[in-house]
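Written out below as structure tokens is the structure these notes cover.
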Amino acid sequence: MKSAVCVVLLLVFSITHAQKGGQEDPCKTKARVVSDETYCDRYWECVNSQPELYDCPNGLVFAGKNRGVTDGCDYPWRANYCDGKQQANPPIGAEHCDWLYGIFGHETSCTRYWTCWNGTATEQLCIGGLLYNERTHSCDWPENVEGCQKHPLCNDDANGNVPLGKSCNRYWQCQGGYPRLQRCPAMLVFDRRSLRCVVPPTEDCDVPTTPQPLEDEDQQQNLPENIPNLPPGAIPIPHKNRPRN
Ligand SMILES: *[C@@H]1O[C@H](CO)[C@@H](O)[C@H](O)[C@H]1NC(C)=O
């Protein structure tokens, strides 16, 4: 008799288990929200004590309650949300947007990219010698950006110097088409005619009133995250995940 009960219980459990496919019940969790076990762009929420299935906004995947960029959903490339899962929904394209939500490369420029929110595209610009890296969805140094190795700044002379705005002190030094931010030695100024650091005054620059402190710039030059004014929409890449090539 005892073993018969056991068999019945096991049978009931197997049927429930098979029907639900092992899906966690959101009503049995504290957060009341759980990811779908098959599709990374779907999640279950407990509504009126019943589990209900929801889709993330097109292009986003479930990240967890109060996480991600909207509705608990996030850009798929920001974490391993979709490992071992599929996406249920196909892309809905809009002008400049492969999906309604996401960050996408520019059609004609290496320094620009698009951020898409519900199908509305906003053009963004990478500044400070950076280019849009399609792999990391952020602005990055040219040598990390496949297909866009050279920066337009260095088009005229792949190994020349380029003035930086109105700066008397800083300039771009192109090295094989890659721009590097440089600072003239103390007491010298950048001359935009000869494209060299010279003894002031020049046409645009007077003698500096205070000597510029020499910072540890050699270490900083290669690190986009140390550029103080990263462009809007640029998403910092965690250091440990940053590809090096
Ligand atoms: C997205 O856009 C559509 C139409 O363009 C609109 O009906 C919908 O309310 C928008 N959704 C959000 C979340 O803004």
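The values are calculated or read from the model by the stated rules, or taken from the named source; none is laboratory data. Everything numeric here is computed off the predicted structure, so don't read it as measured data. Here Cβ is always computed from backbone atoms with ideal geometry, including for glycine, and neighbour counts include all displayed protein chains.
When you check Asp191 against the structure, is it of a type in the set (Asp, Glu) and closer than 19 Å to Leu131 by Cβ, yes or no?
no
Restricting the search to the range 28-42, which residues are surrounded by fewer than 19 Cβ atoms within 10 Å (Cβ to Cβ) and either assigned to a loop (DSSP other than H, G, I, E, B) or not assigned by TED's automatic domain parsing to the domain that holds Lys65 (or both)?
Hits for the range 28-42 are Thr29, Lys30, Ala31, Arg32, Glu37, Thr38.
For the range 122-132, enumerate the residues that are surrounded by 15 or more Cβ atoms within 10 Å (Cβ to Cβ) and either farther than 18 Å from Gly147 by Cβ or among the small types (Gly, Ala, Ser) (or both).
Of everything in the range 122-132, those that are surrounded by 15 or more Cβ atoms within 10 Å (Cβ to Cβ) and either farther than 18 Å from Gly147 by Cβ or among the small types (Gly, Ala, Ser) (or both) turn out to be Gln124, Leu125, Gly128, Gly129.
Could you tell me which of the residues Val47, Val8 is away from the ligand (no atom under 16 Å from the Cβ), more than 22 Å from Asn89 (Cα to Cα) and at pLDDT 95 or above?
Val47
Would you mind telling me which numbered condition in (1) at pLDDT 95 or above; (2) in a loop (DSSP other than H, G, I, E, B); (3) within 21 Å of the chain's Cα centre (by Cα); (4) not acidic (Asp, Glu) Asn66 fails?
(1)
Report the residue count in the range 94-119 for those that are part of a loop (DSSP other than H, G, I, E, B) and not hydroxyl-bearing (Ser, Thr, Tyr).
Adding up the residues that qualify gives 10.
What number of residues within the range 45-63 satisfy the criterion of being out of contact with any Leu (no Cβ under 8 Å at 6 or more places or on another chain) and either assigned to a loop (DSSP other than H, G, I, E, B) or more than 17 Å from Asp25 (Cα to Cα) (or both)?
Going through the range 45-63 one residue at a time, the tally reaches 6.
The rows are residues; the columns are (1) among the hydroxyl-bearing types (Ser, Thr, Tyr); (2) out of contact with any Cys (no Cβ under 7 Å at 6 or more places or on another chain).
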{"residue": "Cys46", "(1), (2)": "no, no"}
{"residue": "Asp55", "(1), (2)": "no, yes"}
{"residue": "Gly59", "(1), (2)": "no, yes"}
{"residue": "Arg67", "(1), (2)": "no, yes"}
{"residue": "Tyr81", "(1), (2)": "yes, no"}
{"residue": "Tyr101", "(1), (2)": "yes, no"}
{"residue": "Ile127", "(1), (2)": "no, yes"}
{"residue": "Leu131", "(1), (2)": "no, no"}
{"residue": "Asn144", "(1), (2)": "no, yes"}
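Those residues that are within 16 Å of the ligand (Cβ to nearest atom) and in contact (Cβ under 8 Å) with a residue 40 or more places away in the chain, I need them from the range 76-118; list them, please.
Across the range 76-118, the qualifying residues are Asn89, Trp99, Leu100, Tyr101, Gly102, Thr115, Cys116, Asn118.
Tally time: how many residues in the range 120-131 are free of Cβ contacts under 8 Å to residues at least 60 places away in the same chain and either within 16 Å of the ligand (Cβ to nearest atom) or assigned to a loop (DSSP other than H, G, I, E, B) (or both)?
The number of residues fulfilling the criteria is 3.
Scanning for something closer than 30 Å to Thr202 by Cα and either within 16 Å of the ligand (Cβ to nearest atom) or outside any loop (DSSP other than H, G, I, E, B) (or both), does the range 132-152 turn up at least one residue?
Yes; the residues of the range 132-152 include at least one that is closer than 30 Å to Thr202 by Cα and either within 16 Å of the ligand (Cβ to nearest atom) or outside any loop (DSSP other than H, G, I, E, B) (or both).
Here is a list: Cys174, Cys82, Cys116. Which entry is modelled with pLDDT under 95 and of a type in the set (A, V, I, L, M, F, W, C)?
Only one candidate qualifies: Cys174.
Is the range 86-93 home to any residue that is assigned to a helix (DSSP H, G or I) and surrounded by fewer than 21 Cβ atoms within 10 Å (Cβ to Cβ)?
Scanning the range 86-93, I find no residue that is assigned to a helix (DSSP H, G or I) and surrounded by fewer than 21 Cβ atoms within 10 Å (Cβ to Cβ), so the answer is no.
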